[in-house]
1. Can you tell me what share of the DSSP beta bridges in the chain is antiparallel? A percent to the nearest 5 is fine.
2. Send over the per residue convex hull volume for region 148-205, Cα only, as a whole number of Å³.
3. Convert 37 °C to kelvin, take the viscosity as 0.692 mPa s, use the Kirkwood radius over C-alpha pairs of region 61-201 as Rh, and evaluate the Stokes-Einstein diffusion coefficient in µm²/s, rounded to a whole number.
4. Give me the tail of P(r) for region 3-109 as a percent: Cα-Cα pairs with distance above 22 Å.
5. Please list 222-229, 278-285, 354-361 highest first by mean number of surrounding beta-carbon atoms within 10 Å per residue.
6. Which order, highest average first, do 340-352, 129-141 follow once you tally other Cβ atoms within 10 Å for each residue and take the mean per peptide?
7. Run the quick spin-label model on residue 26 and residue 3: label points 7 Å from Cα toward the beta carbon, then report their separation in nm to one decimal.
8. In whole Å, largest first, what are the principal axis extents of the Cα atoms in region 298-389?
């Protein structure tokens, strides 16, 4: 039977969620479904049907993301992409990706972003690996180096009701300067900090630590051994307006009793390693987080700012979104870019995946050239272009959406 594609309606969430549960080998509860409803935008969810049977789909959340030098900008936060077992390898996901990107072309968002369940899936649709996170592990009590100031303000453990208004205010103050951070509605806060028994995964309920200039949210996994307690403290989020508050919150977490190790999925450039007296105590491993897709080359490249002036003709290949393919003059003056379609000879040849990977300023174009995503035609231009794209800090997204 022929496959058809439709957008969903408000009453289609339960059926759509059943397909996602089947795809991700998950069993949603009624509580989870209602929580998800607050983030559900039915008109931005595409579903593929085989006759009357819903067999796959994908959605978009309307969010803002902080981009280098320009603060929050619109992003299509792609989510809930899945295909029901037994219906795979039939082009279902390709149809969803096609519908999403066609709908975004020349619309509100010039870029799309997602977390990939499998890293091999999304490059074929033009997504590039734009950000990573670190799995950080630090032993309890690890000393800070001499001279680190934690200020004189006390960190307090408080209830969720007291913590959340403060956390939301701090997050909103900090977010515009943190590349990769997303806007959050109240529904997004409720979703990401849900705290039912099922959400805990065998760990404790969330605990909330407040500093006048920041907050930390964490869980604990108890582990009582013959030589004493060796629990794990799992940080969910640590946000601070000031460097002293950041250090004070880390110091507090590292000194919690009955704990053997602090664990945190954190930014790849988390400065805690430089706070420690012995930097080797901070064990880190990296993994992919955000994948970015440039929807419209001219709009996307013009909405962020750049580190240095450059003038180059880019020849972009993009089989999935042919409106991006061709030659573009990319000119940066005093951080601001103009992008115009031209017929001039190219200085650099690259694929759209490379532009997505470099977009948030964490992936160097010179590295992508070594991976054969980028080719320099005019000597010297690639180094200048690569430097211009760099951000002030490594991009990081503190939530999976």
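Since every read-out is calculated from the coordinates, none of them should be taken as a lab result. Bear in mind the structure is a predicted one, so any value in this text is a computation, not a measurement. Backbone-built Cβ (ideal geometry, glycine too); neighbour counts: all protein chains shown.
1. Values: 79 of 90 bridges.
Counting DSSP beta bridges with both partners in the chain, the antiparallel share is about 90 percent.
2. Hull volume over Cα atoms, normalised by residue count, gives 158 Å³.
3. This corresponds to a translational diffusion coefficient of 172 µm²/s.
4. Here the long-distance tail beyond 22 Å is 33 percent of all Cα pairs in region 3-109.
5. Descending mean neighbour count gives 354-361, 278-285, 222-229.
6. Listed from highest to lowest mean packing, they are 129-141, 340-352.
7. So the two model labels end up 2.2 nm from each other.
8. That works out to 32, 27, 24 Å along the principal axes.
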